[in-house]
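Below is one structure, written out as structure tokens; the observations come after it.
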Amino acid sequence: MFYSAGGTAPTIGIVGTVLGLVLSFNDNLTKIGEIIKQSTVRDSYIRVEGHTDSVPMNGEFYKSNWYLSAMRSSNVAQILINKAGVKADKVSATGYGEYRPKADNSTDEGKSTNRRVDILIMNSKFNELENNKE
């Protein structure tokens, strides 16, 4: 399912999983922040997951795809907290590098699909796993 604002092209994909809702997006973090702050999910934990394609990184800024994916997720998490007002104690960021592709990395389209950030709104039954406060 895709959420579309004002009749524009779909920008946020929403998929239900056992763990919770996965939000996929291109550029609409403000709208995702609004979804996360809704009363039905605002107390859920949020996992921001960064992904890359399989092209090796050897640049000055990113030493590996794993590092790049972790930076992607961290940047999105910071935007959700600082700009969208999501509670920081409910957000975690992780990077998976090229190891959880959605598409075949042998095509440009597949590589583009795999360069993404997913936001997982955790199902409340997993709150105890995420809440490590004693």
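The stretch between residue 83 and residue 19 holds 20.5 nm of extra length on full extension. This uses 0.36 nm per residue minus the Cα-Cα distance. Taking Cβ atoms as reference points and 14 Å as the exclusive limit, the residues near residue 57 contribute a net charge of +1, counting Lys and Arg as +1 and Asp and Glu as -1.
All of the numbers you see were taken from the coordinates with simple rules; none came from a lab. Quick caveat: nothing in here was measured; it's all calculated off a predicted structure. Quick reminder, even Gly has a Cβ in these numbers, built from the backbone with ideal geometry, and neighbours come from all protein chains shown.
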